[in-house]
Structure formats: structure tokens, C-alpha cells
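Let me begin by presenting the structure, written as C-alpha cells, before commenting on it.
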Amino acid sequence: MELSSTDLQTLRLAPGLEAAVSSGHPWVYRNHVPPNDLRSGAWVRVEAGRSAAYGVYDASGAIAVRLYGAARPARGWIGARVASALELRERLPGTGTDAYRLLYGEGDFLPGIVCDRYGRYAVMKRYSASLDQLLPEVAKEVGTRLKLKGVALRSEVEDDEDGTERQSRGLSALWGELPPPELTVSENGLRFKTDPWRGQKTGMFLDQRDNRQLVRSMAAGKSVLNLFAYHGGFSVYALAGGATSVVSVDVSRAALEAAEENVRLNGCAGEHSSMAADIFASLPVWAEAGPTHDLVVLDPPSLANASSQRRRAQRAYLKLNRDAFRLVKPGGFLVSASCTAQVAPDVFRETVAEAARAAGVRAQVVAENGHAHDHPVPLSFPEGRYLKCLVVRVLA
């Protein structure tokens, strides 16, 4: 698509935002926008000092404008950005992987739009209905360039500020055919069943792929406890890496049934069991019994819905990690992750360090990772790095 010759309305922002606009930051928050009568989906030109950029207006969300660059969008601009994103992915997923992120919204300079591949299908999500005008062309570019069977849209809209999901309304076809309710995909040679219609995100937590592979490389001969296991991604990888036993814990029995199915699907030799429990309530009790496992994976859901809840999230991470440390046998490892965007990497690291002190253990960070490489982060948008993952060696 290209903008018509009709004059765009210009939104003049405070001069203090000039650096953000000129650097390419993709968001303009509601409290920075002057009063206006614009409708959602309207293209606008924003000015701040001597800098300007073009974007799509959202009349209701916390993010009022998503910016797509300093140049006025011309014919073919969407295709060029999709092509650039797909070029990056040509070599990233690796052998034996057909489920990965194709478009990472702001990370691929298409703010508010994500698209994930599951075999011969792709599933898109948008973070604002104001972006619906862009979706057909994005879907066509993805589908035709990759020769997919279909590209579908998950119809719920995520909240700008917290990223939590509203009730799903299923999938609608954007290009080609709809995927079936269940797909079997491959990740690093392992197989997983995924539900693109009702599963978390677009069907799987693809951002943890590299961290799961790291756990695989560490698991030989170890007993593993996977907390907040969901569909058992870390559990399958640990068993594939030679773990002697894995316990998957989650509050959802349906999620644990899916985890057990994924374990069976891969025919791993180690022992696997599952436990339905409220980890927030149960973990302090389990910690009282002392060390039980060689490797503990702690991967909770997001713990903050807005920046105002950052301190609450930090306190929750402190308690979870303190008790998880107490379950790790001396010489073992804690793999601790946070997907809470409001908690910065340095803050998360400090919180885990405080948790080690509270648990009375010595600890060494042996790896510090983020999300998989198909989630690129522009230098102008550090907020794009939401996932933190620490691998910590625990000493007595």
C-alpha cells in the first residue's frame, strides 16, 4: 500500500521528543499526543523539533501512534520490509526447525504486527485493530514468498501496555487456507503438537527455543524440575538431552496433558511425571524440605500488567527464585526466566542475586540469554528485549 496524495494531519509533539523520533523509536504514547479528532487507522505525520515520521493512529490504546519511519510510505514498502525480515530468517532457525517467528513487529520495523510459522502455515497477531488495513498485504507477502498453504489471523487484540491476551475468537483466513486445530511441528529435531487456534501466543512460546536447547545440552544424567511447564517444552528438551528424570509442574491440567503428549511424541528414555499445583503457593512449602533436583527450570508467565506493577513483579520474582534456589542440589543449576517487559535485564539479574542471598547459597551466572535470534531488537527500541534467562550454578 501507499499513502494517497491527500494531505495528512500533522501531530506536533513536544520538542523534547525529537531525539526519540529521530532515532526511530516506533511508539508515541497517548499522553504525548495533542488533542485531536482522528479516527483509529488514520495515517499521520508526527513532528518533534526538527524530526518527523509517519505512522498509524490508534484512538483508544496506550500507544497512540505506531511509527513506520521518516519516509512517507510508498508503493512496495510493506513487501520490502517483509522481504528483509524473511532474509534474516533464512539461516536462523537451523536444521530440524519449522516453527519460528517470521515477523517480530517493532523488531522488524512493522510495529504492532507479529507472525509465526508453523510448518506450511503462518499465524499473525496484531496489537491494535487500527492496523487491520496492513494485514492483507503483509499476509500475501509472507504466504507467497514462503509458498505456504495459508496465513491466518488470531483475532484477539492484545493490550498495548501489558501484552496479556483477551479471550480468543479463533482464526480468520488472511491468505490461503486456515490451519487445522492441531499441528505437529519440529524444533531442533524435536516434535511438538501445537494448537494455533487456542494455544498461548500464536500456538507456542517460540521465544525460548535457544534456551530450551541450552537446557538440552546441560541435562545429561540430571534430575530436572520444570516449574510453569505449560506444554512441556523444557521437559522434552531435558529428556532429549539425557535427563534421568523430569517432573513437569503447572497449574493447568490441560497443559500438563499436552506436555505428556509431547514427551510421548519424542520417545525419550528418561522418566517423566507431571504434577498439577499452584506453584506460587506450593513452592515455599517444597523449599522447606531442602534440595531435591540437579536442575530447576523456573519460567513463570508475565508478572506485571503495567509499569505501575513493576515493584510487585520484582517481589514475586524474589520469592520464586529464593525458593527455587533451595530446591537445587549443590553443584546443580537454576535456569530462571522472566518475560515481564517491565522488569529490565539488569533489574532481573539483581533480583536473582538477592534471591540467592536470601536462600543462603553461593551462585555463579554461567549464561545470560534473551529470546531466540528470530526476535531481533532495534538499537532504537531496547524495550523489545522482554525475555531474560539466567543460568545459575548453585554452590553450598
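Things worth noting here:
- Environment charge at ASP294 (Cβ cut-off 10 Å; Lys +1, Arg +1, Asp -1, Glu -1): +2
- In this structure the amide hydrogen of ALA99, modeled in the peptide plane, comes within under 5 Å of the amide hydrogens of GLY119, SER186, none closer than 5 places in sequence on its chain.
- Residue-averaged 222 nm ellipticity for the chain, from DSSP H runs of 4+ at -39500 (n - 2.57), nearest 500: -8000 deg cm²/dmol
- The stretch between ALA70 and GLU177, if pulled fully straight at 0.36 nm per residue, gains 35.0 nm over its current Cα-Cα span.
- Within the chain, DSSP assigns beta bridges of which about 65% are antiparallel (rounded to the nearest 5).
- Applying a threshold of 20 Å to the alpha-carbon distances of LYS193/LYS388; LYS222/LYS319; LYS201/LYS319; LYS222/LYS329; LYS201/LYS222 flags LYS193/LYS388; LYS222/LYS319; LYS201/LYS319; LYS201/LYS222 as lying beyond it.
- For the stretch 185-251, share of DSSP beta bridges that run antiparallel, in % to the nearest 5: 40 percent
- Annotation: amide H-H contacts under 5 Å for ARG12 (H modelled 1.01 Å from N, sequence separation of 5 or more, or interchain): GLU47.
- Phi angles across the stretch 116-122 convert, under the Karplus curve 6.51 cos²θ - 1.76 cosθ + 1.60 with θ = phi - 60°, into 3J(HN,Hα) values of 10, 9, 10, x, 8, 10, 10 Hz, Gly and Pro given as x.
- For VAL65, distant residues with modelled amide H under 5 Å away: VAL28, ASP58
- Packing-based exposure ordering (other Cβ within 10 Å, fewest first) of PHE109, PHE280, PHE333, PHE381: PHE280, PHE381, PHE109, PHE333
- This ranking places SER245, SER308 by how few other beta-carbon atoms lie within 10 Å of each, fewest first, which gives SER308, SER245.
- For the stretch 208-250 versus the stretch 326-376, the gap between their alpha-carbon centres in whole angstrom: 16 Å
- Order of VAL361, VAL296, VAL328 - criterion: other Cβ atoms within 10 Å of each residue's Cβ, fewest first: VAL361, VAL328, VAL296
- Rounded to the nearest 0.05, the FRET efficiency derived from the C-beta distance between GLU383 and ALA289 at R0 = 30 Å is 0.15.
- Two-decimal Rg to Rh for the chain - Kirkwood Rh, Cα set: 0.99
Read-outs: derived from the displayed coordinates by stated rules, not from any lab. Every value quoted in this text rests on a predicted model; they were computed, and no experiment measured them. Using ideal geometry, Cβ is built from the backbone for each residue, glycine included, and neighbour counts are taken over all protein chains shown.
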